[in-house]
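Asks: Here's a structure for you.
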Amino acid sequence: MSTDNITITGTTAAALICAPGSGHGKSMVTAAMARLHRNAGRTVRIFKHGPDYLDPMVLEVASGAPVYQVHGWMTGYDEIRWRLAQAASEVDLVLVEGSMGLFDGDPSSADLAVNCGIPALPVMDARAMAQTFGALALGLASYRPDVTVHEVIANRIGSAYHGQLLAESMPEGIRLLGAIPRSEAFAIPDRHLGLVQASELPDLDASLDAAAEVLKEAGLDRLPAQVTLTGTRPPTPPQLLTGRRIAIARDTAFAFIYRANLELLEAMGAELCFFSPLTDTQVPDADALWLPGGYPELHAATLAANTPMLQSIRDHHSAGKPILAECGGMMLCVDSLLDGDANEHAMAGLMPGQARMAGKLKGLGMQAVDGSGTSAGEELRGHAYHHSELITPLEPVSQTRKVRGPAGEPIYRQGSLSASYFHGYFPSAPQLVADLFNGDASYA
């Protein structure tokens, strides 16, 4: 029987963990809450609002389950409702970690809560604050009448008395779910693109367990309210990549990969094989190559020293086989990379130019590639976020389109290579993606 367009309904405890803005600690509170309930024997699924790659890595370790990015524009609400309903039908707790402030962005975390029927649970940094905490909670709860806020979490309190003052400040209809004391268990190092990758944190499990105990002592071991979530399973994608073998770079230098992208490629019939440009000496035998984003600038010396791998990438390119290079993957494809210490390292040289760390943000925002000329009017949606810049004489063949603001990232084509700082969300344009890996079209 076909599994397409089947309505799925699930009832479970669920909440959107949000905040008044960035820096209030919602990521680690979400992770700790997931670990707390997991350690209590409950099953947990987490979703991350927005295009972020790094938080989901930590959240997967915390929950022990896959984490998918969800965003009203990038993934679309139909997909979000399906994913949430599917999870709700299977587990005891569904959490969605918001992005930025609750109402920031268009669409915002609040928009997701409303469109999917999930209550918002704000986490608020209570340092240097007492009764004003209640006013802030009231503002979040009343700013939009369609957003449900019944409870809030105080983070980084200084004492039990501090927590008591916060609880007493709560306005009518809103209660303090718990007050979390300041704790080193919630500290995770970060770098220029966000949190350090989970695979680079050997003590992450111990930190999560410790953070979960802090939440338990703060009275945060109660499940959120039950909600019923409904969605429709999307159609099975066409078998556009049957018989194609795609080699994908995946290691600590190249790890910015949407799980949904991999699942789409497999659903379209592709065979996926993974390799490490850091430690392997050659690209696996494959029909196409995907070099995703990551942190090549932190591993530039190792990449440059792995000359057999660089030659293998050149050989794949010389054979005319398709290559898709996104952001950090594109940095591997140029002549050289200038790292943050101004040291120059030779890269694969598939396209002329140098990637240079800029010391500040050089590109940001939700963007799209118009594939109307090659792929049945599809639009490949995604984002860009980078602290490097590309200096190249190569003229771009086109540019991405920003959702807001001027034209987005340049898109380059050199032989069978398609390269850009743009990160694509493949399920938004299956035909265009298949064209790329089949060698039938570039982004242009």
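The values are calculated or read from the model by the stated rules, or taken from the named source; none is laboratory data. Owing to the predicted nature of the structure, the values given are computational and were not obtained by experimental measurement. Because the Cβ atoms are built from the backbone with ideal geometry, glycine has one as well, and the counts that use them run over all protein chains shown.
Asks: Taking the residues in segment 224-262 that are within 16 Å of residue 54 (Cβ to Cβ) and among the basic types (Lys, Arg) as candidates, determine which candidate is surrounded by the fewest Cβ atoms within 10 Å (Cβ to Cβ).
Replies: My answer is 259.
Asks: Here is a follow-up. Tell me the residue from 255, 211 that is touching a residue at least 60 places away in the same chain (Cβ under 8 Å), under 25 Å from the mean Cα position of the chain (by Cα) and in the same structural domain as residue 27 (by TED's automatic domain parsing), please.
Replies: Among 255, 211, only 211 is touching a residue at least 60 places away in the same chain (Cβ under 8 Å), under 25 Å from the mean Cα position of the chain (by Cα) and in the same structural domain as residue 27 (by TED's automatic domain parsing).
Asks: What single numbered condition from (1) in a loop (DSSP other than H, G, I, E, B); (2) within 17 Å of residue 231 (Cα to Cα) fails to hold for residue 24?
Replies: (2)
Asks: For segment 118-138, give me each residue that is in contact (Cβ under 8 Å) with a residue 12 or more places away in the chain, of a type outside the set (S, T, N, Q) and loosely packed, with under 15 Cβ neighbours inside 10 Å.
Replies: Across segment 118-138, the qualifying residues are 127, 130, 135.
Asks: Can you tell me which of (1) surrounded by fewer than 18 Cβ atoms within 10 Å (Cβ to Cβ); (2) part of a loop (DSSP other than H, G, I, E, B); (3) in contact (Cβ under 8 Å) with a residue 12 or more places away in the chain is the one residue 350 doesn't meet?
Replies: The one condition residue 350 does not meet is (1).
Asks: Within segment 121-136, identify whether any single residue is closer than 28 Å to residue 38 by Cβ and among the β-branched types (Val, Ile, Thr), and answer yes or no. Even if it seems obvious, please write down each step before you answer.
Replies: So the first thing to find is which residues in segment 121-136 are closer than 28 Å to residue 38 by Cβ, and the list is 121-126.
From what's left, among the β-branched types (Val, Ile, Thr): 123.
For segment 121-136, residues closer than 28 Å to residue 38 by Cβ and among the β-branched types (Val, Ile, Thr): present.
Asks: Let me ask something additional. Please go through segment 212-263 and pick out each residue that is closer than 30 Å to residue 294 by Cβ, of a type in the set (Gly, Ala, Ser) and touching a Pro at 6+ places or on another chain (Cβ under 8 Å).
Replies: Residues satisfying the conditions are 247, 249, 253, 255, 260.
Asks: Follow-up question, since we're still on this one. Within segment 87-141, how many residues turn out to be outside any helix (DSSP H, G or I) and of a type outside the set (S, T, N, Q)?
Replies: Residues that pass the stated criteria total 31.
Asks: Shifting gears a bit: Every residue in segment 277-302 that is under 16 Å from residue 252 (Cα atoms) and touching a strand residue (DSSP E or B) at 6+ places or on another chain (Cβ under 7 Å), please.
Replies: 277, 290, 291, 292, 293, 294, 296, 297, 300, 301
Asks: Right, here's the next one. With the requirement that a residue be among the charged types (D, E, K, R), in contact (Cβ under 8 Å) with a residue 40 or more places away in the chain and part of a loop (DSSP other than H, G, I, E, B), what does segment 360-415 give you?
Replies: Result: 378, 404.
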